[in-house]
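This report refers to the structure that appears directly beneath it.
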Amino acid sequence: MRLSRPAVAIAGVAALALALSACASGAGSADTSGSVAEPVRFGVALPQTGDQAQYGEYFEQGFELALAQINDAGGVDGRDVELVYEDTQADPAQAASVAQKFVDDASILSVLGDFGTPATAAGSPIYQAAGLAQFAFSASASTVTDPGDYIFATWVSQEYEAPRLAEFAAEQGDKAAVFYHDTDWGLNTHGFFAEGAEDAGLEEVYATGYNPESTDFRPLLLAAQAADPEVIVLISYAADGALITAQARELGIDVPIVGISSIYNQQFVELAADAAEGVQTLSYFTPANPDEKVQAFIADFAAEYDVETPPDYAIRAYDALSVVVQAAEQAATAGELTRESLRDALAEGSDFDTILYGPITFADNRRVVDADQYALVIRDGAFELRD
């Protein structure tokens, strides 16, 4: 099943590389004086250690692949692009400290990150106050860009995604047990899910927030089982969603399980093992997409990392750097590349190339307003298009 996703006309960094190469070789853009031009530097806030470190590793895979292709093509205005990584552990307190560090470094022109809404949101007011654009590519709460006009986001808001998940779950049964993070993101998402469930005729016979760092969900699952649900809904990340799935099957709970798009990750399959079979989700990406640019990206990723299917978070990181570089090139071409001109280029530019969505243009709230998703199911240890 495919949920109203049209044929995707996607141009990736390979196309971007050609465009940048042409720009870099244009009149007067490169430094020909014999001196070495200063690199264009972007900050990256991400979890490199701690419970969410796996996601940080995915981020780095996407960033480093894009970075190599961009610099091979001439960088930005003839200058190399450089990334400055700072570990936040996706902890809001550390994210705020890292934000201040980036703000104080005048060489940083924009910041990409953090992982998840809580850490991302912790840095946003600091970036906004300092006039440093934050590119949030891994945060989906409806409030992500509320702090101001220097905050951009590419993950579709849960205002759109969560009701669609409710409709998707209603295909599996009339009564749902819903598990969601007991965080601002989880509460925000569950609120929109509940509205969608009502519209879809899906009754929440059990709903609970939980600590995503927990490891034993059996008490919650037993309580859910007592409510006799016909489908389990996961508003989860891959790791905790996999644990809930495995423990549900261990307890003999055999109703269908559907998860929000953030479970689309091989980590979910590996951690849940056999219990992952049959789990369904909605995703903006599928390796089955025949678009030649998507297939080229998959091949490049496989060659670099020996991974058959790129993780969703690696794709998002790849796209994030691609979009920021496209905007930086536009700002440099128009005049001087500064924090402000880069922000303006993001806000005023159009049709930025991405792998995940195809060309994107930010709406007035500086978000990708909506995008269609693929219905996927896990079979034989891999996500496949659902029949």
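The values are calculated or read from the model by the stated rules, or taken from the named source; none is laboratory data. The structure presented is a predicted model; accordingly, all values stated were derived computationally and were not measured. Because the Cβ atoms are built from the backbone with ideal geometry, glycine has one as well, and the counts that use them run over all protein chains shown. Remember, those area values only see protein heavy atoms, side chains included, never the ligands or the DNA or RNA. Shrake-Rupley method; radii C 1.70, N 1.55, O 1.52, S 1.80 Å.
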Of the options Ala53, Val255, Ala141, report the single residue whose Cα projects farthest towards the positive end of the charge dipole of the chain (beta-carbon charges: Lys, Arg +1; Asp, Glu -1). Ala141
Rounded to the nearest 10, the angle in degrees between the Cα long axis of helix 13-24 and the longest principal axis of the Cα atoms of the chain comes to 10
Treat each spin label as a single point 7 Å out from the Cα along the C-beta direction, and report the Ala303 to Ala53 distance in nm. 3.1
Put +1 on the Cβ of every Lys and Arg and -1 on every Asp and Glu Cβ in the range 150-272; which of Gly173, Leu234, Val205 then has its Cα farthest towards the positive end of the dipole? Leu234
One would report the Cα pair-distance distribution of the range 120-229, bin width 5 Å, in %, as 2, 12, 18, 17, 17, 13, 9, 6, 4, 1, 0
Pull out the extension gain between Ala363 and Glu348, defined as 0.36 nm times the separation in residues minus the alpha carbon to alpha carbon distance; nm, one decimal. 4.4 nm
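Where the convex hull is taken over the Cα atoms of the range 266-325, what is its projected area averaged over directions, in nm²?
5.0
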Using a 1.4 angstrom probe, figure out how much accessible area the range 303-387 has per residue, in square angstrom, rounded to the nearest whole. 39
Expressed as a whole percent, how much of the Cα-Cα distance distribution for the range 39-135 exceeds 15 Å? 57
Report, in degrees rounded to the nearest 10, the 0 to 90 angle that the Cα long axis of helix 312-334 makes with the longest principal axis of the chain. 30
Given the range 213-256, what whole percent of its Cα pairs are spread farther than 11 Å? 63
Just want to confirm a number: the relative contact order over the range 265-353, from Cα pairs under 8 angstrom separated by 6+ residues, in percent. 19
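Quick check: residue separation of Ala37 and Ala68 times 0.36 nm, minus the Cα distance between them. What number comes out in nm? Don't skip to the end; give the middle numbers.
On the way: separation 31, 0.36 × 31 = 11.16 nm, distance 1.77 nm.
Value of the extension gain: 9.4 nm.
Once the mean 1/r over all distinct Cα pairs of the range 235-387 is inverted, what Kirkwood radius in angstroms do you read off?
17.3
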The percentage of the accessible area of the chain (probe 1.4 Å, all protein chains present) made up of carbon and sulfur atoms, to the nearest whole number, is 48
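Mind checking the alpha-carbon convex hull of the chain and giving the volume per residue in Å³?
Considering the Cα atoms of the chain, their hull volume per residue is 123 Å³.
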Do you know the relative contact order of the chain, to the nearest whole percent, from alpha carbon pairs under 8 angstrom that are 6+ apart? 21
With an 8 Å Cα cut-off and a minimum separation of 6 or more residues, compute the relative contact order for the range 42-138 in percent. 34
Given springs between every Cα pair under 10 Å in a Gaussian network model of the chain, which of Thr286, Thr88, Thr309 has the largest fluctuation? Thr309
Residues of the range 88-125 with backbone N under 15 Å of the label point set 7 Å from the Cα of Thr143 along Cα→Cβ are 92, 117-125
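When the solvent-accessible surface of protein heavy atoms is calculated with a 1.4 angstrom probe, in what order do Asp114, Asp291 fall, highest first? Write out the running numbers ahead of the final one.
Details: Asp114 5, Asp291 30 Å².
Largest accessible area first, the list is Asp291, Asp114.
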So, with +1 on the Cβ of K and R and -1 on the Cβ of D and E, and no other charges, what is the size of the charge dipole of the chain about its Cα centre, to the nearest 20 debye? 340
Set the Förster radius R0 to 30 Å, insert the Cβ-Cβ distance between Glu82 and Glu384 as r into 1/(1 + (r/R0)^6), and round the FRET efficiency to 0.05. 0.20
At a probe size of 1.4 Å, how large is the accessible area of His190, to the nearest 10 Å²? 30
Binning every alpha carbon pair distance of the range 143-203 at 5 Å from zero, what are the percents per bin? 4, 18, 25, 21, 15, 8, 5, 2, 1
